1. Taking springs between alpha-carbon atoms closer than 10 angstrom, which of ASP15, ASP45, ASP113 fluctuates most in the Gaussian network model of the chain?
2. For the chain, what proportion of DSSP beta bridges, expressed in % and rounded to the nearest 5, is antiparallel?
3. Between helix 16-26 and the chain, what is the angle of the helix's C-alpha long axis to the longest principal axis, kept within 0 to 90° and rounded to the nearest 10?
4. Kindly report, to the nearest 10 Å², the accessible surface of MET133 as traced by a 1.4 Å probe over protein heavy atoms only.
5. On average, how much accessible surface per residue is there in the chain, in Å², for a 1.4 Å probe, leaving out ligands, DNA and RNA?
6. Each label point is 7 Å from the Cα along the Cα-to-Cβ direction; what then is the distance between the points at VAL73 and THR112, in nm?
7. Any chance you could give the angle, 0 to 90 degrees and rounded to 10, that helix 119-136 forms with the longest Cα principal axis of the chain?
8. Nearest 500 deg cm²/dmol is fine: what mean residue ellipticity at 222 nm does the chain get from its DSSP H runs of n ≥ 4 alone, each adding -39,500 (n - 2.57), divided by its residue count?
Amino acid sequence: PGIYIDAKPIRQWHDAPALVQQLLDKGAMRSVVVLNFGTNAGFQDPASEVALRDILAKLGPQRRVVLVNTVGVSKWVPNANATLQLISSQFPNTIVADWYTKAHEKPGLLHTDQTHPNVEGIKVYAEVIAEAMAKLGPG
């Protein structure tokens, strides 16, 4: 109850502003928002960084926002995670859920593609998000 999930594969940061705007227009945006759009491209395209900043501006400072960092084998993953951390540091109502570190600390959480969580990884992924929300504190 009270949770809305919109999860589809292959979405990127530039896809998110329209999705966020739709929920805002419907009055359906929750007070806590979890965003993970970086797995398929990170911030390789400058429009992705603009998109994230746009999303955070649309959500406003009254919402708590958890940004999940990226796990994967692509060479751009570390830079994408650094960019995500930098942007988060500029918005006090955000925090980065460090899925990347957790996935690397505990081998066996990912499928053989070394990107997507397996069944055990899904549980830990949820724990990482919950821990980030607790650190972010109440709105």
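1. For the chain, modelled as a Gaussian network with Cα springs under 10 Å, the answer is ASP113.
2. About 10 percent, rounded to the nearest 5.
3. In the chain, helix 16-26 runs at an angle near 40 degrees to the longest axis.
4. For MET133, solvent-accessible area is about 60 Å².
5. Here the per-residue accessible area is 57 Å².
6. 1.0 nm
7. So the helix axis and the longest Cα principal axis differ by about 40 degrees.
8. Helices in the chain give a 222 nm mean residue ellipticity of -14500 deg cm²/dmol.
The values are calculated or read from the model by the stated rules, or taken from the named source; none is laboratory data. Model, not experiment: these values are computed from the prediction. Cβ: placed from backbone, ideal geometry, glycine included. Neighbour counts: every protein chain shown. When the accessible area is computed, the model is the full protein with side chains, heavy atoms only, and any ligands, DNA or RNA have been set aside. Shrake-Rupley method; radii C 1.70, N 1.55, O 1.52, S 1.80 Å.
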